[in-house]
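Report on one structure; see the data block that follows.
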Amino acid sequence: MAAPVVIPANAALRAAAGRTTVNIDTAGNIPIERYNVSETIFDIEIETHPYTVLLNHLGGVRRWDDLHRWYEDRALPQLDSLDGSVPVDAATITVANGALFMVTDNVYLHAYRAQGHVTAKTGNVLTISWVVAPTVAVPDGTAVVRIGNSQEQIATPAPGPTTKETMHYNTFQTMFHECAFSNMQMHGNFRTKPVDPVRQQHKKEQEHNEAKEKTLLFGQQALWAAGVTGGSPMGHSQGLYYFIGTNVTSVGGVLTRAVFDNFLAGVMSGNTKSGQDWWLLCSTRVGMQISNWFSAMERETAAVKLFGIRVDTYRAPVHKDVKIMIHPMFDRDGYDDLAILINVGEQEAMHYVYHSVFDTKKYTGTQPYGRTAVEIFFYTIFTLEVKGEDVNAGVIEDIAAAA
């Protein structure tokens with residue numbers, strides 16, 4: 001039996017067979033009707049912008065400026081701590097933040113079952129009339145709870161402490177992705193020069209959407225008065241990851257159920273509003289480690305698709321469900337050691353903010369004189385608004401690969 005024919009690889013195939021894309025009927029070869037190539041081109045990339053999909057579900061905000069600004073406010077904190085120890089039967093206590101208290105307040109040292117009434121205040125020093133005095137010395141750092149106030153029956157109301165609105169902002173970012181085709185590429189022979197303008201446009205649109213997704217998740221804020229050419233301002237928008245500063249857990253090893261449950265409880269317990277809808281965006285590494293033990297605990301429900309996104313559901317220890325979604329970009333772009341928890345049930349928690357005109361549109365560019373090229377580009381001016389990051393989001397990271 002003769003040895004099998006060795007088929008040259010890739011570009012060498014045409015040369016070895018005596019054929020090129022220009023001359024496919026070379027002497028000595030059997031003529032063929034057309035060059036033997038599939039008429040479709042496979043696109044490897046898939047839809048990879050689920051966070052943008054969730055933001056669209058929450059509704060966008062139309063604005064325009066170099067910066068987008070918003071205000072946040074919250075109820076007055078009712079918890080403080082001692083700044084220094086308190087001896088038995090002390091007439092005063094020193095707290096970390098005296099601005100939280102007013103004369104006539106009642107305070108409670110729960111760990112020592114002690115309770116008293118504030119009769120005077122000087123800075124962070126509170127004079128206390130004890131209802132139940134502590135029976136032992138109270139150490140520095142002990143929690144001090146504000147539990148309301150007691151007024152005389154005939155008394156003139158006095159203004160108490162309150163909070164002020166705080167302004168936050170993010171920078172608008174201008175982004176575009178362009179592709180251009182010559183007249184030959186637009187109307188030429190696909191079999192001899194495989195350029196498909198429709199597919200190329202789709203590919204650029206996909207690249208544009210993925211770039212938006214990465215910016216909305218992991219961008220870092222910056223603003224230059226003049227960009228590279230010096231003609232106009234240029235901004236970098238801050239992403240969700242860098243807005244989250246309160247609920248950040250660093251694992252430093254393989255993720256366990258106890259660590260994960262504590263992380264969820266820490267974030268979720270701070271949000272007391274109704275209508276919560278928690279999502280966890282994670283890498284394959286994190287998703288696999290979670291599935292290893294929560295399936296065994298029968299906490300998994302049937303996988304479903306929401307907004308076209310496949311999710312599994314995990315019952316958190318605070319009796320709230322978490323939709324777990326493996327984000328393909330986390331694996332591909334180096335974020336495989338982390339997961340981001342977000343609450344999309346709070347309609348005001350986060351918004352995709354877009355220019356009143358330029359919100360991801362396709363444009364046909366002006367054709368230069370003497371050219372037959374077609375220029376197409378995708379153009380967006382956008383930023384991200386995140387409110388209440390301490391009760392609506394969290395990050396768990398530094399998760400090692402399982403052995």
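Per-residue Karplus couplings for region 142-158, computed as 6.51 cos²θ - 1.76 cosθ + 1.60 with θ equal to phi - 60°, are listed in order as 5, 5, 10, 9, 8, 10, x, 9, 10, 10, 5, 4, 10, 9, 8, x, 10 Hz, Gly and Pro entered as x. Scalar couplings 3J(HN,Hα) for region 114-123, obtained by applying the Karplus form with A = 6.51, B = -1.76, C = 1.60 to θ = phi - 60°, are 9, 9, x, 10, 7, 9, 7, 9, 10, x Hz; x denotes Gly and Pro. Amide H contacts under 5 Å for VAL254: ALA400, restricted to partners 5 or more places along the chain or on a different chain, H placed in the peptide plane at 1.01 Å from N. Summarising the amide proton neighbourhood of PHE172: residues at separation of 5 or more, or on other chains, whose placed amide H is nearer than 5 Å comprise LEU67, HIS68.
Sort 66-78, 90-102, 387-399, 153-165 by packing, meaning the average of other beta carbons within 10 Å per residue, with the highest value first. Don't skip to the end; give the middle numbers.
Values: 66-78: 12.5, 90-102: 16.5, 387-399: 21.0, 153-165: 8.4.
By packing density, highest mean first, the sequence is 387-399, 90-102, 66-78, 153-165.
Amide H contacts of ILE324 (H built 1.01 Å from N, in plane; Pro and chain starts excluded): LEU280, ASP312, THR313, TYR314 sit under 5 Å, all sequence-distant by 5 or more or on other chains. Residue separation of ARG74 and THR162 scaled by 0.36 nm, minus their Cα-Cα distance, works out to 30.7 nm of gained length. The label-point distance for VAL259 and TRP64, in a model that sets each label 7 Å from Cα toward Cβ, rounds to 4.8 nm. Residue by residue, region 349-360 carries 3J(HN,Hα) couplings of 5, 7, 9, 7, 10, 10, 4, 4, 10, 9, 10, 6 Hz when phi is fed to the Karplus relation 6.51 cos²θ - 1.76 cosθ + 1.60 (θ = phi - 60°); x denotes Gly or Pro.
Taking 28 Å as the limit for the C-alpha separation, the pairs LYS203/LYS387; LYS362/LYS387; LYS273/LYS323; LYS121/LYS273; LYS212/LYS387; LYS164/LYS361 exceed it in the case of LYS203/LYS387; LYS362/LYS387; LYS121/LYS273; LYS164/LYS361.
Each reported figure results from applying straightforward, stated rules to the coordinates on display, with no laboratory input. Model, not experiment: these values are computed from the prediction. A quick note on method: Cβ atoms are made from the backbone with ideal geometry, for glycine too, and the neighbour counts reach across all protein chains shown.
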